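Below you'll find the structure, written out as structure tokens, and then a few comments.
The values are calculated or read from the model by the stated rules, or taken from the named source; none is laboratory data. What you are looking at is a predicted structure, and each value in this text was computed from that prediction instead of being measured. Backbone-built Cβ (ideal geometry, glycine too); neighbour counts: all protein chains shown. Keep in mind that these areas ignore ligands, DNA and RNA; they rest on the heavy atoms of the full protein, side chains included. Shrake-Rupley method; radii C 1.70, N 1.55, O 1.52, S 1.80 Å.
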Amino acid sequence: MARYDGSQLAHDYLLTVAAHMIQAAYKAPQVTGRLKLQAEVITGEDLVPIIEVMGVLAEASQFVKWDYVTFKENYEAGHPPVLVLLGADTTVSEMSWNCGACGFSSCGEFNRYARENRGMGQVAGGPSCNWKVLDLAIACDWACATAWHHNVDNRVQGSSGGAAALLGYLPGCSSILGIPIGPCREMVWYSRENMNRKFSYEDHIRTMFHTIPTHFLAFPGGGRPLFKATSRWWEEPHFLGVGSSPEAMEKLYGLLEKLAEVVDKYSGAVAARYRQKQPGKEE
Amino acid sequence: MSRITEFGDREYFYEYPPYSPQDLRRRANTLIAARLMVNAALTAPFAGGVPQVEAEIVYGQQEQEAVARKMEELAYGNPAWEELFKYEAVMVRESDAIIFLGNRLAGEYPLDAGCGMCGGRSDCSYFYEKKNTRYGLVDVTDRRSATPIKGPLCSARVSDLGFAVGSALWMAARLLVDARPFASVGLAGQQLGYCPHSFIVVGILVATLSKNPYVDINPDYHLINMTKVLENMRKQYITPRTVTTFDYRKWIPKPRKEGEE
């Protein structure tokens with residue numbers, strides 16, 4: 001006879017759920033039938049480089065910060081999420097459908113362009129065949145649905161997937177989506193308790209001002225965008241302005257340098273693992 | 001039903017013959033599954049939670065025939081499509097229903113996040129440089145296109161459509177209803193005006209037959225399939241019956257008994 005701690009048992013089971021998710025992703029129906037799906041699971045201290053890369057990206061992007069804080073705090077609290085990575089090379093089309101969705105009139109032209117212009121965006125690589133992107137998304141959706149059916153909180157992320165891609169995980173994949181699962185409690189990735197008190201009331205309102213400015217505009221007939229920035233907005237009129245921001249760009253370049261340093265610190269070790277043996281067999 | 005004591009009925013189900021009352025009852029049930037699949041698609045995860053997927057369910061012999069014929073027309077527009085589309089047109093005819101899922105934003109309202117999927121760049125220039133735009137607003141009034149889909153599309157939006165398709169298929173799998181996603185069905189549907197606001201459409205065929213009509217397909221499927229075999233059977237059987245005729249009211253041939261001359 002043996003006794004098990006329920007909380008520990010639930011946490012250990014996350015790895016089994018990850019396996020079920022990956023099985024579902026491989027089983028997911030495809031439109032092209034040609035997606036070469038790759039999958040990997042990152043656990044425990046192996047999350048550290050990914051969290052660190054997300055930490056740098058977080059300085060430039062609110063949604064990455066949101067994911068970064070959730071990852072970091074759960075990791076530090078001793079119940080790290082398990083990260084499922086799903087990726088594929090979406091930059092090749094073997095179908096000759098010539099559908100035009102990529103912007104080229106034939107798959108041949110697209111393939112030639114893609115070979116010469118392959119590059120990385122803020123979360124994924126391209127140029128992509130949209131049907132491959134669609135198939136990767138179907139696979140990803142099945143993985144998430146599987147986690148849901150096991151009652152494990154999860155969320156599809158470009159942030160953790162993009163960080164993993166920068167570090168060199170799943171070599172050959174142009175696009176990687178990250179799906180963190182757990183830790184085991186009611187809500188982790190939705191209505192995030194970890195984000196409580198991270199943004200002040202003023203931060204939230206500023207975000208609204210910056211992202212939906214027309215919502216706060218006064219009578220637009222005057223031609224000047226009078227902005228209702230305070231409750232007694234008519235007393236101290238604010239006006240909306242549009243302009244470039246050299247400071248923001250400078251900050252961004254600074255972050256890119258910082259990002260290169262962090263990636264440099266870990267990418268050698270990540271690449272070495274793929275040379276040594278299959279990641280699935282790693283201890 | 002005037003009194004509650006009259007409550008009671010019988011509902012007989014069988015898939016054969018096609019479009020018989022017993023088959024129509026079965027198809028009506030598939031339609032319930034298809035509707036649930038659509039709702040599953042609408043609850044799929046979308047980047048930023050933005051609504052963008054529209055759906056249309058199409059069913060009925062005439063409606064499905066029109067989609068199948070459009071696919072057969074498209075089949076001859078591209079050698080890579082010919083066999084594929086002809087085979088899949090048969091599947092359209094054999095289905096109980098077609099679900100079209102399309103993305104309304106992919107060609108006009110990109111995610112604008114510089115994700116990199118469409119062009120491998122960290123901005124959205126690949127998309128915008130190929131479109132007629134001002135201030136990031138896309139003029140889509142020129143709908144002429146040499147290709148079936150007028151690209152480029154925002155691949156993040158296409159990815160979201162993939163999530164929707166995945167959730168619809170997941171619901172189908174949970175309901176033990178056969179379903180598969182097809183580019184061919186989507187392209188045909190789009191040209192017929194289904195999901196009219198979408199820049200890319202995927203067609204999901206749905207069926208609840210004893211044999212999943214989307215797998216285990218034989219070669220020359222457009223020529224050799226259940227409908228064609230049955231049609232040929234109807235043709236073949238009539239002729240031998242006709243040419244060996246007799247008056248059954250007066251004499252019916254019997255097998256010869258043993259020892260009989």
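A few comments on the model shown:
- The number of residues in region B:50-62 that are touching a residue at least 12 places away in the same chain (Cβ under 8 Å) and surrounded by fewer than 14 Cβ atoms within 10 Å (Cβ to Cβ) comes to 2.
- Selected residue [small (G, A, S), in a helix (DSSP H, G or I), crowded, with 24+ Cβ neighbours inside 10 Å and within 10 Å of chain B (Cβ to nearest Cβ)] from A:A137, A:A147: A:A137
- Subset tally (residues that are part of a helix (DSSP H, G or I) and either aliphatic (A, V, I, L, M) or open to solvent by less than 100 Å² (accessible area, probe 1.4 Å) (or both)) for region A:209-266: 19
- Residues in region B:124-157 that are among the polar types (S, T, N, Q) and either facing another protein chain (nearest Cβ under 7 Å) or crowded, with 16+ Cβ neighbours inside 10 Å (or both): B:S145, B:T147, B:S155.
- Subset of region A:20-45 (residues that are within 14 Å of another protein chain (Cβ to nearest Cβ) and either touching a helix residue (DSSP H, G or I) at 6+ places or on another chain (Cβ under 6 Å) or part of a strand (DSSP E or B) (or both)): A:H20, A:M21, A:A24, A:A25, A:A28, A:P29, A:Q30, A:V31, A:T32, A:L35, A:L37
- Entry remark, region B:100-123: residues being open to solvent by less than 30 Å² (accessible area, probe 1.4 Å), more than 7 Å from every other protein chain (Cβ to nearest Cβ) and either without any contact (Cβ under 8 Å) to a residue 40 or more places away in the chain or of a type in the set (G, A, S) (or both) number 3 in total.
- Candidates A:V48, A:V17 - the one that is in contact (Cβ under 8 Å) with a residue 24 or more places away in the chain, touching a His at 6+ places or on another chain (Cβ under 8 Å), in a helix (DSSP H, G or I) and open to solvent by less than 60 Å² (accessible area, probe 1.4 Å): A:V17
- Considered as a group, the residues in region B:163-180 that are charged (D, E, K, R) and in contact (Cβ under 8 Å) with a residue 24 or more places away in the chain include one that is farthest from the other protein chains (Cβ to nearest Cβ), and that residue is B:D178.
- Filter pass, A:G100 being farther than 22 Å from A:A28 by Cβ and within 12 Å of chain B (Cβ to nearest Cβ): yes
- Failed condition for A:C107, given (1) more than 7 Å from chain B (Cβ to nearest Cβ); (2) surrounded by fewer than 19 Cβ atoms within 10 Å (Cβ to Cβ): (2)
- Residues satisfying the stated conditions in region B:208-261, i.e. open to solvent by 100 Å² or more (accessible area, probe 1.4 Å), over 23 Å from the mean Cα position of the chain (by Cα) and among the aliphatic types (A, V, I, L, M): B:M233, B:V243
- On the stretch given as region B:37-83, residues that are β-branched (V, I, T) and either closer than 30 Å to B:S20 by Cα or under 16 Å from the mean Cα position of the chain (by Cα) (or both) total 4.
- Close Cβ contacts (under 7 Å, 6 or more residues apart or on different chains) running from residues in region B:77-92 that are at the interface with chain A (Cβ under 9 Å from one of its Cβ atoms) to residues that are among the β-branched types (V, I, T) are absent.
- Verdict on B:D160 being touching a helix residue (DSSP H, G or I) at 6+ places or on another chain (Cβ under 8 Å), within 11 Å of another protein chain (Cβ to nearest Cβ) and without any contact (Cβ under 8 Å) to a residue 60 or more places away in the chain: no
- In region A:61-89, residue least open to solvent (accessible area, probe 1.4 Å) [restricted to those that are assigned to a loop (DSSP other than H, G, I, E, B) and within 14 Å of chain B (Cβ to nearest Cβ)]: A:S61
- When A:V92, A:V188, A:V123 are screened for being in a loop (DSSP other than H, G, I, E, B), under 16 Å from B:G119 (Cβ atoms) and more than 7 Å from every other protein chain (Cβ to nearest Cβ), only A:V92 passes.
- Taking region A:130-154 as the range and being closer than 26 Å to A:C107 by Cα and touching a residue at least 60 places away in the same chain (Cβ under 8 Å) as the test, the residues that pass are A:W131, A:K132, A:L134, A:D135, A:L136, A:I138, A:A139, A:C140.
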